[in-house]
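Shown next, in structure tokens, is the structure this report addresses.
The values are calculated or read from the model by the stated rules, or taken from the named source; none is laboratory data. Keep in mind it's a predicted model, so treat the numbers as computed, not measured. In this analysis, Cβ positions are derived from the backbone assuming ideal geometry, glycine residues included, and neighbour counts consider all displayed protein chains. The accessibility values were calculated without ligands, DNA or RNA, using every heavy atom of the protein model including side chains. Shrake-Rupley method; radii C 1.70, N 1.55, O 1.52, S 1.80 Å.
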Amino acid sequence: MRAIAVAVPVPGIGALTYAVPDEFPDPPAGARVLVPVGNRTLTGIVLSAAVDPRTSNLEPQTSTLDLKPLIDVLDAEAFLPEDVVDLAAWVADYYACGVGEAIATAMPPRAWVESERHAAITEAGEARLLTERGARREALEQLSGGRIVSVGSLARRAKGIQGVLAGLEADGLVTLTRPLKGNADASRTIRVAMLTAQGTEAVDEEVARLGARQQQALDLLRGAPDGLSIAALADEDIPSESISRLARLGLVTIERRRVERMPFDTASDRITRMPVIALTEEQQAAVGALVERASRRTYHAALLHGVTGSGKTEIYLRLAREVQQSGRGVLLMVPEIALTPAAAAIFRAAFGQRVAIQHSGLSDGERYDQWHRIRRGDVDVVVGTRSAVFTPLARLGLIVVDEEHDGSYKQEESPRYHGRDVAVVRARSAGALIVLGSATPSLESYHNAQNGRYELIALKRRVLDRPMADVTIVDMRAEYASEGPDVILSAPLRDALTSRLDRQEQAIVLLNRRGFATVVFCRQCGETFECPNCSVSLTVHKAAGRARCHYCNYSMAVPRACAKCLGPYLEQLGFGTERVEAEIRALFPGARVGRVDRDTIRRRGAIAGLLARFAARELDVLVGTQMIAKGHDFPRVTLVGVISADVGLGLADFRAAERTFQLLTQVAGRSGRGEIAGQAVVQTLYPNHYSIRHARQQDYTAFYEDELKFRRAMRYPPAVALINVVVKSKTRQAAMQDAEAIAVALRAPGLGTWTVLGPAPAPLGRLKGEHRAQLFVKGTHRTSMRKALLTVLEGMPEVRRRTIVDVDPMSVL
Ligand code: ADP
Ligand code: ZN
């Protein structure tokens, strides 16, 4: 018997091995199969032989005789392309998660078919029931009386039933059917009416005998050689019965046609159709070099470090065109769903219909259609977020990861993969060029460029010689001393806003914290209102009238009295975007103010609407969280205000300074992208912190050098490889004990050269009702660190289920 490795979409499970019964041809890697798992029947994906069977966490099997047989093979050809299957297997191995979880990330909606083959007895079968013997008799008995039974449930009761059923089917005693639960082909179809030859040639007398609606329908259809949908005819007041009557008369045919659900905003396509631009010298040099690298058709990685407004998009576009014309596919990755419409519109203007979008914000139907268009080969260019790294695009020639430093590329739930790093792996195995673009590269990528792993291509100037924004740092300690402790907008920021509003220019005001007030506390007893599930205080959302936890979404009505001492003297401290918006409205009653944060964009499409209004200059000031700092290109913005630049600096996270520098540089980069020079006003309590000083000078390399010194001294990435292990438990002691056991096992002498830090309570010590203890594994050899950790965890399966393993973490809270 042959054996195959199969991935099923169950968290934490590795590859499973099954036998292929003789009546099935060998299913290729990437095909879907139905397999028994415990007492369930699941769809799985066949892994290629290249996948290490040791990623299977089944007991080692001694002989294929012990293997369970698969139940059914659903695809004769690969459903997922084999290279994508291998990429997902690599992700599972590197990020220490189940291979099925990784494969699930690569699957389109509705691909996990739940149905299986069903068996039913025929009349001949009933007649022969008593003359059959053995397994054949037993099978017929199960089906006797007209019961339709799934092959899977029969297989669980009798070994080798597939062969028996196949024999019975061949003899006409049973029928085997595969009723799919309505989701095998989830394409959307519409009914379209077209004239038949008879309808086209119908003479006037014939037509005159028809009803008025039917005559009208014939008229309309004569002008539409491709036919008209029933819906379009209904819009003309022609009921579908009239069409049916015409069809019965043979004058019209009605056919079902598949339509693609297009997630594109076709209105914005027109606006972004771009004029042909003469490239700057720097852009030209970059395009020249990259086109040459692409023409080699082998793996090559380049870091495109271009200051904000240096015209990186134009470079991607020209490069993409070259690659597409050479017959290869292009994948453009962007960090945020909100950035895909703009990027897709730019690429659709250049590549027309052969562009697809992939991200989780699409409806299931849209995702389904986009995925299958790509899989069929109808697409050359895919624009998407991190999961698009698994796109089924064939013949990849180019991957662009825009804003490669962005933390959104890392998935913060299992599989905890980093879209950029997986993209590099994919480019390597596809023999493609990968371009990582950013104005503020991640320490990792710049480090790779410094040590020669990536080619560094720099754009030091903005297009059209536009100056960089002028950055003013406001020392809030001085502001508090002169204006009192409640000031939110400093005098310099107020002045700057006033002059922008007078000149009818636009401004962006950023605060990386939502809500109205961030702490509620009792003046009488000092009690603060904490989340009952998490170790954080509740944030007041005034419009909603609720105090809410930003981690678990617990909320309560804003309290009127202290829960502890019942005193009525509650004070609200701290502030978020909601308060800033209110403040700006109060100070500038005539200004049109909009706000973008997770509270205002819960509805699908709301953010696009707000950004479009801002772009159309229907708003003067846009207040928001880091969502507004990214990528957008608003030429009329000449001022960016940052309310508390140090929001992130207090966090116990080794990337705090890097994030602060990136945010400030990126947000300052939103200013002055048009003809008028831009300004940024940055309020902070730590004007001398190096991340803020270097952001003010917009000096990336100076920041990189200071930050690398810090990372080296503290032994953090990219100086070492890091794995963050978080153990969750009901009590703090239990979490600490389990984490301690892991640490002790990892410290066993002679095991390896890594170091283990901790355990310690995680900075977020309690989250969603669970206590969390944390330890770090640091070292230079990531693979052996991961292997050792997994081996230790395998020895404590119960703890394993409560343990998060985060390889190359972005955040260690
Ligand atoms: P980046 O991503 O590097 O911050 P963008 O690609 O968004 O910059 O480009 C900024 C603006 O400059 C865009 O409006 C773009 O159309 C425009 N642009 C790009 N290249 C040129 C050029 N060579 N000449 C004039 N304008 C350009
Ligand atoms: Zn909470």
(request) Would you grab the residues whose amide H sits under 5 Å from the one on L436? Only those 5+ places off in sequence or on another chain, please, with H modelled 1.01 Å from N. (result) A302, L303, L304, V401
(message) To the nearest 20 Debye, how big is the dipole of the stretch 498-610 about its Cα centre, given +1 on the beta carbon of each Lys and Arg and -1 on that of each Asp and Glu?
(response) 340 debye
(message) If packing is taken as the average number of other Cβ atoms within 10 Å across a peptide's residues, how do 470-479, 368-377, 719-728 rank, most packed first?
(response) 719-728, 368-377, 470-479
(message) Please give the charge dipole size of the chain, origin at the Cα centre, charges +1 on K and R Cβ atoms and -1 on D and E Cβ atoms. Round to the nearest 20 debye.
(response) 1380 debye
(request) Please report, in debye to the nearest 20, how large the charge dipole of the stretch 457-496 is about its Cα centre when each Lys and Arg carries +1 at its beta carbon and each Asp and Glu carries -1 there. (result) 440 debye
(request) Quote the Stokes-Einstein diffusion coefficient, in whole µm² s⁻¹, for the chain, based on the Kirkwood radius over alpha carbon pairs, a temperature of 4 °C and a viscosity of 1.567 mPa s. (result) 42 µm²/s
(request) Specify the inter-centroid distance of the stretch 401-430 and the stretch 550-601, based on alpha-carbon positions, in whole Å. (result) 35 Å
(message) Let's test the formula: R0 of 41 Å, r as the Cβ-Cβ distance of D171 and I254. What FRET efficiency results, to the nearest 0.05?
(response) 0.50
(message) Using the alpha carbons of the stretch 377-484, what is the convex hull volume per residue in cubic angstrom, as a whole number?
(response) 204 Å³
(request) Quick one: go through the stretch 624-653 and flag any residue whose amide nitrogen is under 15 Å from the point 7 Å out along the Cα-to-Cβ line of E483. (result) 641-645
(message) With N set to the number of residues, divide the alpha-carbon radius of gyration of the stretch 329-375 by 2.2 N^0.38 Å and report two decimals.
(response) 1.10
(request) Kindly point out, ordered by number, any Cys in the chain whose beta-carbon has no other cysteine beta-carbon under 4.7 Å away. (result) C97, C552
(request) Just grab the label-to-label distance for E141 and A561, each label 7 Å out from Cα along the Cβ direction, in nm (one decimal). (result) 7.5 nm
(request) Please give every one of the aspartates and glutamates within straight-line cross-link reach of K709, meaning a C-alpha to C-alpha distance under 20 Å, and leave out same-chain neighbours fewer than 8 residues apart. (result) E444, D653, E658, D699, D808
(request) Pop out the ³J(HN,Hα) list for the stretch 763-774 in order, Karplus 6.51 cos²θ - 1.76 cosθ + 1.60 with θ = phi - 60°, rounded to Hz; leave Gly and Pro as x. (result) x, 8, x, 9, 9, 6, x, 10, 7, 10, 10, 10
(message) Checking the cross-link filter: which lysines have an alpha carbon closer than 30 Å to that of K159, excluding same-chain neighbours under 8 positions apart?
(response) K68, K181
(request) For the chain, build the charge dipole from Cβ charges (+1 Lys, Arg; -1 Asp, Glu) around the Cα centre, then report which of G211, L228, V323 sits farthest towards its positive end. (result) V323
(request) Show which lysines lie in cross-link reach of K787 when reach means a straight Cα distance below 27 angstrom and same-chain residues fewer than eight apart are skipped. (result) K410, K728, K778
(request) Work out, step by step, the length gained on full extension between R157 and E794: first 0.36 nm times the residue separation, then minus their alpha carbon distance; give nm to one decimal. (result) 226.1 nm
(request) With a bin width of 10 angstrom, please list the P(r) values of the stretch 687-808 as percents of all Cα-Cα pairs, from the 0 bin to the one holding the largest distance. (result) 13, 36, 27, 17, 7, 0
(request) Calculate, in nm to one decimal, what Q215 and S363 gain on full extension: separation in residues at 0.36 nm each, minus their alpha carbon distance. (result) 49.4 nm
(request) Give me the Debye-computed log₁₀ of I(q)/I(0) at q = 0.26, 0.31 Å⁻¹ for the stretch 759-813, equal point scatterers on Cα only, no solvent, two decimals. (result) -1.23, -1.32
(message) Suppose all protein chains stay in the model; what accessible area per residue would a 1.4 Å probe give for the chain, in Å²?
(response) 44 Å²
(request) Please figure out what share of the DSSP beta bridges in the chain is antiparallel and state it in percent, rounded to the nearest 5. (result) 55 percent
(message) As a test question: what accessible area, to the nearest 10 Å², does M736 have when a 1.4 Å probe is rolled over all protein chains in place?
(response) 50 Å²
(message) I'd like the FRET efficiency for Q524 and L813, computed as 1/(1 + (r/R0)^6) with the beta carbon distance as r and R0 of 35 Å, rounded to 0.05.
(response) 0.65
(message) Let me cross-check T753: its accessible surface, 1.4 Å probe, with only protein heavy atoms counted, in Å² to the nearest 10?
(response) 120 Å²
(request) Would you kindly state how much longer the chain becomes between A713 and R376 on full extension, computed as 0.36 nm times their sequence separation minus their alpha carbon distance, in nm to one decimal? (result) 116.2 nm
(request) On the protein heavy atoms, probe 1.4 angstrom, tell me the percent of accessible surface of the stretch 455-583 carried by carbon and sulfur. (result) 49 percent
(message) As a test of the formula, what do you get for the chain when each DSSP H run with n ≥ 4 contributes -39,500 (n - 2.57) and the sum is divided by the residue count, at 222 nm and rounded to the nearest 500 deg cm²/dmol?
(response) -10000 deg cm²/dmol
(message) Along the Cα→Cβ direction, 7 angstrom out, place labels at E205 and T131. What is the inter-label distance in nm?
(response) 6.4 nm
